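Each remark here refers to the structure printed beneath this line.
The values are calculated or read from the model by the stated rules, or taken from the named source; none is laboratory data. If you're wondering where the values come from, they're calculated on a predicted model, not measured in any experiment. Methodologically, a virtual Cβ is constructed for each residue, glycine included, from the backbone with ideal geometry; neighbour enumeration extends over all protein chains shown. Note: areas computed on protein heavy atoms with side chains; ligands, DNA, RNA excluded. Shrake-Rupley method; radii C 1.70, N 1.55, O 1.52, S 1.80 Å.
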Amino acid sequence: MVANKEHNYSIIVQKYGGTSVGDIERIRKVANRISHYVEKGHKVAVTVSAMGAMTDRLVALAKEISTRPSKRELDVLMATGEQQSIALVSMMLLHKGIKARSFTGQQAGFLTDSRSGAARIIEVNPKSVLEAFKEFDVVVVAGFQGVDEFGNITTLGRGGSDTTAVAIAAALGATECEIYTDTDGIYTTDPHKVQTATKIDNIDYDEMLELASLGAGVLHPRAVWYARRYGVVIHVRSSFSYAKGSLVSDIKENIVKTDKPVTGVALDLGIARVDLLEVPDKPGIAAEVFAALGEAGISADMIIQGVPGDEASRQQMAFTIDKDQAEYATEAISSVLDTIGGHFSIDKNIAKLSVVGIAVGSTPGVAARVFKAVSSAAANIQMITTSEVRVSVVIADDKAKAALKAVHSEFDLDSKS
Ligand code: ADP
Ligand code: ASP
Ligand code: MG
């Protein structure tokens with residue numbers, strides 16, 4: 001919330017995700033909730049996502065035309081999902097007699113860089129939103145979208161509406177941003193995959209950033225980054241109840257004292273493994289491959305380099321990328337291998353499982369316990385990375401859920417009730 005002394009009102013910042021605005025009945029419920037705050041005298045800055053699986057449907061349409069659709073036009077297409085929602089939510093509010101107005105990302109002052117599909121926010125100019133609050137009680141901003149310096153529509157990456165909401169909160173000077181979703185908070189792992197997951201009442205920015213980056217889909221990583229940068233507390237809560245949810249804030253000192261090294265377990269099913277085989281074993285080859293990927297806007301993770309090939313002076317390399325970038329990666333890698341030689345394969349049937357906790361690096365035996373639990377689910381570990389705050393393994397996706405459950409139990413995270 002932020003108190004506006006000049007105009008003597010306070011602004012509440014809320015975001016409603018895809019499920020929360022999934023159909024007209026749900027939009028009616030969202031409008032009721034927003035009006036509850038308006039009736040208490042607040043102004044409300046609302047961000048909405050596209051309805052239900054709308055973004056997936058739009059992407060599927062584009063893929064019917066090409067497996068590698070133009071990234072610029074894909075952004076134009078995907079951004080229409082949020083534009084539908086802002087209009088419908090605003091219409092519903094107006095229908096209820098509440099003064100509301102919709103804003104596209106551009107109208108709300110979102111300037112981004114030009115990375116189609118993964119744009120970063122450069123600046124949010126809240127002028128038009130603040131101006132609107134002179135006349136309206138609710139502004140409804142399209143999540144996930146902005147505009148670059150050339151006027152192109154951009155999107156912030158899948159799940160990016162969370163980031164829109166936190167960026168608005170930061171631009172308005174609000175200290176809290178409410179994220180309404182289909183669970184009643186943040187859990188030790190995805191509660192839709194592991195029923196025994198435990199709700200976390202308070203979590204530190206650093207741990208949440210790590211979990212979100214490693215695939216805990218409940219928050220977009222950039223939203224957590226933004227919140228930490230601007231000191232905004234994120235309150236993740238259910239759009240189906242008024243119960244308090246989970247708070248993401250700066251509480252590191254309290255966490256370090258706990259005796260449990262692992263705070264949460266994340267599973268990322270959205271990655272693919274790339275294997276480069278029999279590429280020349282000489283300086284500059286990795287640089288060339290990754291430069292081509294970088295130019296195509298693809299970032300690689302979990303890179304294993306220097307695995308010896310069968311033939312002398314040839315080597316193998318493996319790394320992971322986002323699954324939805326696989327076709328673009330195929331194009332980029334093919335053109336490099338055409339000149340340097342070698343071949344490659346992409347395996348989309350993998351998953352990355354990660355344990356996260358501020359004390360992971362300082363607690364002996366965490367990695368061994370992860371490996372043991374994963375093997376108890378008969379999953380073979382293909383790749384490993386570790387850091388001070390996490391241990392990640394890549395395994396086959398058909399073993400992922402069993403491995404997730406085993407690791408979750410191993411670290412004593414199952415709820416006691
Ligand atoms: P929205 O459309 O509201 O943004 P998302 O599907 O993007 O909703 O995010 C909410 C989902 O995140 C939940 O339904 C849950 O399945 C998933 N999720 C993954 N990890 C977690 C976690 N650690 N805690 C809570 N939810 C999680
Ligand atoms: N509609 C976008 C998506 O499905 C953004 C979001 O929901 O946060 O990824
Ligand atoms: Mg989301």
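Close contacts from segment 170-181, counting a first residue that is polar (S, T, N, Q) and a second that is in a strand (DSSP E or B), with Cβ to Cβ under 8 Å and a gap of 6+ residues or different chains, come to Thr175/Val2; Thr175/Val233; Thr181/Val236; Thr181/Arg237; Thr181/Ser238.
This table checks each residue for (1) within 12 Å of ligand 1 (Cβ to nearest atom); (2) assigned to a helix (DSSP H, G or I); (3) closer than 27 Å to Val236 by Cα; (4) modelled with pLDDT of 95 or more.
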residue	(1), (2), (3), (4)
Ser10	no, no, yes, no
Gly22	yes, no, yes, yes
Arg26	yes, yes, yes, yes
Asn32	no, yes, yes, yes
Ser35	no, yes, yes, yes
Ala45	no, no, yes, yes
Glu64	no, yes, no, yes
Glu73	no, yes, no, yes
Leu77	no, yes, no, yes
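Across segment 141-165, which residue is surrounded by the fewest Cβ atoms within 10 Å (Cβ to Cβ) among those that are more than 16 Å from ligand 1 (Cβ to nearest atom) and outside any loop (DSSP other than H, G, I, E, B)? Quick ask: steps written out before the conclusion?
In the first step, residues of segment 141-165 are kept if they are more than 16 Å from ligand 1 (Cβ to nearest atom); the result is 146-154.
Now restrict to residues that are outside any loop (DSSP other than H, G, I, E, B): 146-147, 153-154.
Values: Gly146: 31, Val147: 20, Ile153: 23, Thr154: 29.
The qualifying residue surrounded by the fewest Cβ atoms within 10 Å (Cβ to Cβ) is Val147.
Gly217 satisfies every condition listed in (1) free of Cβ contacts under 8 Å to residues at least 60 places away in the same chain; (2) within 18 Å of Val356 (Cα to Cα); (3) outside any loop (DSSP other than H, G, I, E, B) except (3). Within segment 173-225, the residues that satisfy the criterion of being more than 16 Å from ligand 2 (Cβ to nearest atom) and basic (Lys, Arg) are Lys193, Lys199. The residues listed here are Gln106, Gln84; of these, the one that is open to solvent by 60 Å² or more (accessible area, probe 1.4 Å) and touching a residue at least 40 places away in the same chain (Cβ under 8 Å) is Gln106.
Test Ile168 against the criterion of being more than 21 Å from Arg26 (Cβ to Cβ) and either touching a Lys or Arg at 6+ places or on another chain (Cβ under 7 Å) or assigned to a strand (DSSP E or B) (or both), and give yes or no.
Working: more than 21 Å from Arg26 (Cβ to Cβ): yes; either touching a Lys or Arg at 6+ places or on another chain (Cβ under 7 Å) or assigned to a strand (DSSP E or B) (or both): no.
Considered against the rule, which asks whether it is more than 21 Å from Arg26 (Cβ to Cβ) and either touching a Lys or Arg at 6+ places or on another chain (Cβ under 7 Å) or assigned to a strand (DSSP E or B) (or both), Ile168 comes out as no.
Across segment 355-384, the qualifying residues are those that are open to solvent by less than 40 Å² (accessible area, probe 1.4 Å) and not in a loop (DSSP other than H, G, I, E, B), and the one among them that is farthest from Asp301 (Cα to Cα) is Ala373.
Exactly one residue out of Ile333, Ile346 is in contact with a strand residue (DSSP E or B) (Cβ under 9 Å, 6 or more places away or on another chain), open to solvent by 30 Å² or more (accessible area, probe 1.4 Å) and either outside any strand (DSSP E or B) or hydrophobic (A, V, I, L, M, F, W, C) (or both): that is Ile346. Within segment 310-324, the set of residues being outside any strand (DSSP E or B) and either at pLDDT 95 or above or aromatic (Phe, Trp, Tyr) (or both) comprises Lys323 only.
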